[in-house]
Amino acid sequence: MCPSDPTNPKLNSKDGPASGNNQGFHGNYLLSAGSQTYGTTSAGTAQLNGLSFPLSAVKTKDVTDGLSKTVAVSEIMLVPEPVGSVDDTRGRYHNNMHGGCNFSTFHTPNTTVNDRLPYCSNARSLAPCVGGSGANHVIAARSYHAGGVNAAMADGAVRFVTNEISVQIWQAVGSRSGGEIGNVPE
């Protein structure tokens, strides 16, 4: 959990444990699915270019762009759920069926562009989202830190990525084997 996130800790979803619809703990730190949008089926995630996604079998040797030049983890803002509202599955660790455990470098950090995934709400204006099923889902890296987000590279190094990073560089570091030239500044 990020201590800067006012939703910390998010332990329940929708109507809470008594409803039988509790999805449990949600965390701020997500694994990189890559630089693309994605679907919510195994067919929709099978060809993603990041390190982690449903049914992923990516190995270290598959990261041909270099471990120091490939982002592995970044953070998101958690969104509180009003009672009776839809679940917001961003950051949901328990069940990744809807892609809530992964972020994408498709948009730059702290973008104003809406996230897209089946279950989300707009209860937090800094983390806008549009719900819907099918393909083209994306969760952007977001934080309450001034000017950017924290990210861990695949070699374990931690970097602060500014909101001003170019989309081309951010997408390049999201890809594990695209051959793009990109590096998060130290």
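From the list Ala140, Ala135, Ala127, which residue is under 25 Å from Leu51 (Cβ atoms), among the aliphatic types (A, V, I, L, M), out of contact with any Lys or Arg (no Cβ under 7 Å at 6 or more places or on another chain) and surrounded by 16 or more Cβ atoms within 10 Å (Cβ to Cβ)?
Values: Ala135 fails: surrounded by 16 or more Cβ atoms within 10 Å (Cβ to Cβ); Ala127 fails: out of contact with any Lys or Arg (no Cβ under 7 Å at 6 or more places or on another chain).
Step by step, each of Ala140, Ala135, Ala127 is checked, and only Ala140 is under 25 Å from Leu51 (Cβ atoms), among the aliphatic types (A, V, I, L, M), out of contact with any Lys or Arg (no Cβ under 7 Å at 6 or more places or on another chain) and surrounded by 16 or more Cβ atoms within 10 Å (Cβ to Cβ).
Being among the polar types (S, T, N, Q), crowded, with 17+ Cβ neighbours inside 10 Å and in contact (Cβ under 8 Å) with a residue 60 or more places away in the chain narrows it down to one of Asn95, Asn110, Asn49, so name that one.
After applying the criteria, what remains is Asn49.
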> Looking at (1) over 21 Å from Pro118 (Cβ atoms); (2) modelled with pLDDT under 80; (3) buried (at least 17 other Cβ atoms within 10 Å of the Cβ), which is the only condition Asn12 fails?
Replying inline: (1)
>> If a residue must be farther than 16 Å from Gly50 by Cα and touching a residue at least 24 places away in the same chain (Cβ under 8 Å), how many such residues does the stretch 148-163 contain?
In response: 8
> Do you know which residues across the stretch 151-161 are surrounded by 15 or more Cβ atoms within 10 Å (Cβ to Cβ) and out of contact with any Pro (no Cβ under 7 Å at 6 or more places or on another chain)?
Replying inline: Ala151, Ala152, Met153, Ala154, Arg159, Phe160
>> Only one of Asn110, Asn183 is at pLDDT 90 or above and part of a loop (DSSP other than H, G, I, E, B). Can you tell me which?
In response: Asn110
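The values are calculated or read from the model by the stated rules, or taken from the named source; none is laboratory data. Everything numeric in this text was worked out from a predicted model, so none of it was measured. Because the Cβ atoms are built from the backbone with ideal geometry, glycine has one as well, and the counts that use them run over all protein chains shown.
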